[in-house]
Amino acid sequence: MENIETGRLLLRKFNKNDAAKCFVNFGQDRELGRYLPMYPVETVEKMEEIVCGFVNAYTFGAFIWLIEKK
């Protein structure tokens, strides 16, 4: 799976180093809990488990993208 880039955004696979930023940027968002039962995430360690799950899912052909501003 290749990265996708636009003028403003980069869409890429998650990697294990993304957990801390994910925790800060959206991991504690209670609104996500309305749609995704694993949110809000209480600790960075729990976010690490979730991100590792995303990374492991790639071996099964899953498409889980991280979208970041350039």
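The values are calculated or read from the model by the stated rules, or taken from the named source; none is laboratory data. Everything numeric here is computed off the predicted structure, so don't read it as measured data. Note that we place each Cβ from the backbone using ideal geometry, even for glycine, and neighbour counts take in every protein chain shown. For the accessible areas, the whole protein counts, side chains as well, though only heavy atoms, and no ligand, DNA or RNA atoms are used. Shrake-Rupley method; radii C 1.70, N 1.55, O 1.52, S 1.80 Å.
Counted over the chain with a bin width of 10 Å, the fraction of Cα pairs per bin, in whole percents, is 20, 48, 31, 1. Computed from phi, the 3J(HN,Hα) profile of the stretch 52-64 under the Karplus parametrisation 6.51, -1.76, 1.60 (θ = phi - 60°) reads 4, x, 4, 4, 5, 5, 4, 5, 9, x, 5, 10, 10 Hz, with x in place of Gly and Pro.
Carbon-plus-sulfur accessible fraction, the chain (probe radius 1.4 Å, protein heavy atoms only): 54%.
With R₀ fixed at 25 Å, the C-beta to C-beta distance from Y35 to L11 puts the FRET efficiency at about 0.80.
Database remark: amide H of F14 closer than 5 angstrom to the amide H of L66 (H placed geometrically; neighbours at sequence offset of 5 or more, or on other chains; Pro and chain starts carry no H).
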